[in-house]
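Accompanying notes for the structure given below.
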Amino acid sequence: MKHLLDPMDISVEEIDGILDLADKIIEDPLKYSEVCSKKKLATLFFEPSTRTRLSFEAAMMELGGNVIGFAGADNSSAAKGESVADTIRTVECYADIIAMRHPKEGSALVASLNAAVPIINAGDGGHQHPTQTLTDLLTIRSLKGRLDNLTIGLCGDLKFGRTVHSLIRAMSRYQNIRFILISPKELKVPRYVKEDVLKTNEKVTYEQYERLEEIISELDILYMTRVQRERFFNEEDYVRLRDSYILDAPKMERAKSDMIVLHPLPRVNEIAVEVDNDPRASYFKQALYGKYARMALIMTMLGVNA
Ligand code: NCD
């Protein structure tokens, strides 16, 4: 695997390998604490981030490696008008692997075409976010014990939410996945995402709902998402749609006792704080799994072993 731009860049076998390695790291982290010594990760974040950037950096540090980079385009030469291609050609002189987040769809592809070192897409606009997907898959496999035979509800901004696009792509390759898409009409999953998935698995079906209450009782996983304010064309539409879904205790009462609630975070209003105390709320555990998934990914992409 040279670059990771999209979940489809890795086979199901490779995903299983990364998740198995993450499990081993969780069991015995000390064994891996020096495997990346003398290696450097560059984190180039042209867009805000808490979990993705810090978990990448913590992951590299826990592997004994070093981290360089910037958080915010204003702190880089992008503010002077430098292109992504030139930034990458420069950073590869200083780092062995690069994780990049950028507001433009396709920017990770541009980076990869100009890079001699592996590029990891840490989010490109409203397009894809494959390392969040590895995080989600590790969380689901750890908490539910399987990645097949699941009914997964994706709720909120399914149009601009890149984590949703990547998760659908990845999960569609497992057996017997029932996708329940819960969104306002304006924020449905884009057609290209669904059509692309059908090319690899024509059996995939999607059920569309507008009300979470109608269907929550059937879900094994509820994946909540934030309405992506920064991708809207006007503020009025955002304000009208931002509180379309608020998961609260009465709604949780209708759900299965072993349903898990995931959210890539950050949360705004879509999950009431009261839900955090429910044992089914798993979004902060998910953030922790993100570090282990990224440790396993970095090791795999750099070809290092314990
Ligand atoms: C997500 C993202 O950046 O796409 N956050 C994350 O990486 N955990 C989700 C979001 O910003 O809503």
Quiz item: So which strands (runs of 3 or more DSSP E) stay within the stretch 173-249 end to end and still have 1 or more residues that are over 22 Å from the mean Cα position of the chain (by Cα)?
Solution: 206-209
Quiz item: What are the residues in the stretch 290-300 that are more than 16 Å from the ligand (Cβ to nearest atom) and either over 15 Å from THR133 (Cβ atoms) or of a type in the set (Phe, Trp, Tyr) (or both), if any?
Solution: MET295, ILE298, MET299
Quiz item: Of (1) modelled with pLDDT of 95 or more; (2) aromatic (Phe, Trp, Tyr); (3) surrounded by 16 or more Cβ atoms within 10 Å (Cβ to Cβ), TYR206 satisfies all except one. Which?
Solution: (1)
Quiz item: Which one is farthest from GLU105 (Cα to Cα) among residues in the stretch 29-47 that are buried (at least 21 other Cβ atoms within 10 Å of the Cβ) and touching a strand residue (DSSP E or B) at 6+ places or on another chain (Cβ under 6 Å)?
Solution: LEU41
Quiz item: Can you tell me how many residues in the stretch 250-283 are under 14 Å from THR225 (Cα atoms) and assigned to a helix (DSSP H, G or I)?
Solution: 1
Exercise. For PHE179, indicate whether it is in contact (Cβ under 8 Å) with a residue 60 or more places away in the chain, of a type outside the set (Ser, Thr, Tyr) and closer than 29 Å to PHE233 by Cβ.
Key: no
Quiz item: So LEU147 clears everything in (1) more than 10 Å from the ligand (Cβ to nearest atom); (2) surrounded by 24 or more Cβ atoms within 10 Å (Cβ to Cβ); (3) not hydroxyl-bearing (Ser, Thr, Tyr) except one condition, right? Which one?
Solution: (2)
Practice problem: Quickly run through the stretch 76-135 and pick out the residues that are within 13 Å of the ligand (Cβ to nearest atom) and either modelled with pLDDT under 95 or part of a loop (DSSP other than H, G, I, E, B) (or both). | Solution: PRO103, GLU105, GLY125, GLY126, HIS127, HIS129
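Which is within 16 Å of the ligand (Cβ to nearest atom), assigned to a helix (DSSP H, G or I) and modelled with pLDDT of 95 or more, of LEU19, LEU44, LEU30, LEU54? Can you show your working first?
On the way: LEU19 fails: within 16 Å of the ligand (Cβ to nearest atom); LEU44 fails: assigned to a helix (DSSP H, G or I); LEU30 fails: within 16 Å of the ligand (Cβ to nearest atom).
LEU54 is the lone residue from the list that is within 16 Å of the ligand (Cβ to nearest atom), assigned to a helix (DSSP H, G or I) and modelled with pLDDT of 95 or more.
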Exercise. Please find, among GLY156, GLY123, GLY106, the residue that is crowded, with 24+ Cβ neighbours inside 10 Å and closer than 30 Å to CYS93 by Cβ.
Key: GLY123
Practice problem: Of the numbered conditions (1) aromatic (Phe, Trp, Tyr); (2) buried (at least 21 other Cβ atoms within 10 Å of the Cβ); (3) more than 16 Å from the ligand (Cβ to nearest atom), PHE233 fails exactly one; give the number of that condition. | Solution: (2)
Exercise. Filter the stretch 258-269 down to the residues that are within 16 Å of the ligand (Cβ to nearest atom) and crowded, with 17+ Cβ neighbours inside 10 Å, then identify the one that is farthest from ALA22 (Cα to Cα).
Key: ARG267
Practice problem: Would you mind stating whether THR133 is of a type in the set (Ser, Thr, Tyr), in contact (Cβ under 8 Å) with a residue 12 or more places away in the chain and surrounded by fewer than 22 Cβ atoms within 10 Å (Cβ to Cβ)? | Solution: no
Practice problem: Select, from ALA71, ALA85, the only residue that is surrounded by 16 or more Cβ atoms within 10 Å (Cβ to Cβ) and in contact (Cβ under 8 Å) with a residue 24 or more places away in the chain. | Solution: ALA71
Quiz prompt | One residue from ALA272, ALA249, ALA287, ALA255 being at pLDDT 95 or above, small (Gly, Ala, Ser) and within 16 Å of the ligand (Cβ to nearest atom) | solution = ALA287
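The values are calculated or read from the model by the stated rules, or taken from the named source; none is laboratory data. Just so it is clear, the structure is predicted and the values come from calculations on it, not from any experiment. Positions of Cβ are backbone-derived with ideal geometry, glycine not excepted, and every protein chain shown enters the neighbour counts.
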